[in-house]
Amino acid sequence: PLAYFDLPLPAEHDLRESQPFIVAMMTDLVTPSREGDLLILGIGGGYQAAVASGLVSSVFLLDLDATATASGMDRLDRLGFDNVEARVADPYYGWPDTSRQFDSIIIRLAVDQVPSILLRQLKPGGRLVAPVGRGEEGQELTLFTKSAQGDISRRTIMPVRFMRLPGGERI
């Protein structure tokens, strides 16, 4: 009944799904390509993965919550999204195979700063989008682009407010 509202939506396991506008914007910012792959950190209800699966060759999901991951993957499988793979691991540390690189990365939860492992897992020419910032007052949706030489550029897109990314080293 809430499908046509542009607001954060409740998901199973006390999770939230970002509002459709933000899901669309984050997906667009990483410029998905049919031949490319995408790493998404945080499964939520699986909506971001469902949207992206039609735009890329493969979607890879990482979430710390095994129950949410199983539930989300069951839903995606039942709906026919067969190019999505999920792992239960700490998203703060990226894909468990640390030598793996991705064309695009979407961090669905707020981080104080993007962990360096995630920037290393971004292919040259790749794009990463994340809500970056400390505190409850909100964050900035930020786009990171990796040049062919490996240099990282950063561009602030807009103010946002996201839940925090669990796991990782915290001060």
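The values are calculated or read from the model by the stated rules, or taken from the named source; none is laboratory data. Predicted model only: the values in this text are computed from it and were never measured. In this analysis, Cβ positions are derived from the backbone assuming ideal geometry, glycine residues included, and neighbour counts consider all displayed protein chains. Accessible surface is based on the protein model in full, side chains and every heavy atom, while ligands, DNA and RNA are left aside. Shrake-Rupley method; radii C 1.70, N 1.55, O 1.52, S 1.80 Å.
Structural remarks
- Test for residue 67: is it in contact with a helix residue (DSSP H, G or I) (Cβ under 7 Å, 6 or more places away or on another chain), modelled with pLDDT under 95 and open to solvent by 20 Å² or more (accessible area, probe 1.4 Å): no
- Every residue from region 81-125 that is in contact (Cβ under 8 Å) with a residue 60 or more places away in the chain and in a strand (DSSP E or B): 102, 103, 104, 105, 106, 107
- Of all the residues in region 115-141, those that are open to solvent by 20 Å² or more (accessible area, probe 1.4 Å) and modelled with pLDDT under 95 number 6.
- Just one of the numbered conditions (1) farther than 15 Å from residue 160 by Cβ; (2) of a type outside the set (Gly, Ala, Ser); (3) not in a loop (DSSP other than H, G, I, E, B) is not true of residue 56: (3).
- Taking the criterion of being of a type in the set (A, V, I, L, M) and either more than 21 Å from residue 95 (Cβ to Cβ) or in contact with a strand residue (DSSP E or B) (Cβ under 6 Å, 6 or more places away or on another chain) (or both), the residues of region 69-79 that qualify are 73, 76, 79.
- Residue 152 open to solvent by 10 Å² or more (accessible area, probe 1.4 Å) and over 16 Å from residue 93 (Cα atoms): yes
- Test result for residue 53, modelled with pLDDT of 95 or more, polar (S, T, N, Q) and surrounded by fewer than 19 Cβ atoms within 10 Å (Cβ to Cβ): no
- Test result for residue 31, closer than 25 Å to residue 159 by Cα, open to solvent by 50 Å² or more (accessible area, probe 1.4 Å) and over 11 Å from the mean Cα position of the chain (by Cα): yes
- Condition check for residue 108: modelled with pLDDT under 95 and out of contact with any Lys or Arg (no Cβ under 8 Å at 6 or more places or on another chain): yes
- For the residues 162, 144, the requirement of being part of a strand (DSSP E or B) and open to solvent by less than 50 Å² (accessible area, probe 1.4 Å) singles out 144.
- Of the residues examined, residue 75 is not one that is part of a strand (DSSP E or B) and either over 21 Å from residue 102 (Cα atoms) or modelled with pLDDT under 90 (or both).
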